[in-house]
Amino acid sequence: MPAATQTLLDDSAVNIDEWIASEIDTVFAEQEGTAFVSGNGTTAPKGFLTYTKEEESDWEWGKLGFVLSGAAGAFAASDPSDALVDLVYALKAGYRQNATFVMNRRTQAEVRKLKDDAGNYLWAPPATAGGQATLMGFPVAEAEDMPDIAANSFSIAFGDFRRGYLVVDRMGVRVLRDPYSAKPYVLFYVTKRVGGGVADFDAIKLMKFAAPAG
């Protein structure tokens, strides 16, 4: 709910309503990013990390399957990249072709250090300007709202999110002027309607940073 004085509105050479709407888009984008990951489904879209999770060997529809990293709060000390291979192949072939890794920048920093048996980094930087980094041949999307690596955290997601997560978005931002409630300021009530939730539980898999039971 930003505000401006009536004098500014009278003297401005630009359309303040449009400028506020464009500026507030950035704020809404940040809020939506948080909601799509961890939203409660009541006052925000339901984030994919808030769904019930099940280890891949026991997975059933209505839950998100996960694989284990091999150690509590870390990758396994021996062959740490094997867990990423397990994560990739937990996803069915029809989803893998359009799949993307999702993690925050601190998790990326850990993943970038992983190498194969020949000493080559699994992470490949963009081949062209404006390109996208890849991990094991799949693109990587940075989402700051994903949790950091910690004991029992779900810090890496992998899947075809276009098929797996449905976003219902009323296009555009609505701006309503209120020149009465806070004189001499004019308040701008800015609203946007958006919802979301997992639509295909086959399309998204997670990595849990934990050791196998027993």
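What follows draws every value from the coordinates through simple rules; no lab data is involved. Bear in mind the structure is a predicted one, so any value in this text is a computation, not a measurement. Quick reminder, even Gly has a Cβ in these numbers, built from the backbone with ideal geometry, and neighbours come from all protein chains shown.
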Any pair with Cβ under 8 angstrom, 6 or more apart, that starts in the stretch 11-35 at a residue that is at negative phi and ends at one that is among the acidic types (D, E) and surrounded by fewer than 16 Cβ atoms within 10 Å (Cβ to Cβ): G33/E144
Which of the numbered conditions does D145 fail, given that it passes all the others? Conditions: (1) exposed (fewer than 12 other Cβ atoms within 10 Å of the Cβ); (2) among the acidic types (D, E); (3) touching a helix residue (DSSP H, G or I) at 6+ places or on another chain (Cβ under 8 Å). (1)
Write out, first by first residue and then by second, each pair whose Cβ atoms fall under 7 Å of each other, whose residues are 6+ apart or on separate chains, and whose first residue, in the stretch 89-105, is among the β-branched types (V, I, T) while the second is assigned to a helix (DSSP H, G or I). T100/F161
Verdict on S181 being assigned to a strand (DSSP E or B), buried (at least 18 other Cβ atoms within 10 Å of the Cβ) and among the polar types (S, T, N, Q): no
Tally up the residues in the stretch 140-171 that are free of Cβ contacts under 8 Å to residues at least 60 places away in the same chain, in a loop (DSSP other than H, G, I, E, B) and within 30 Å of D17 (Cβ to Cβ), please. 2
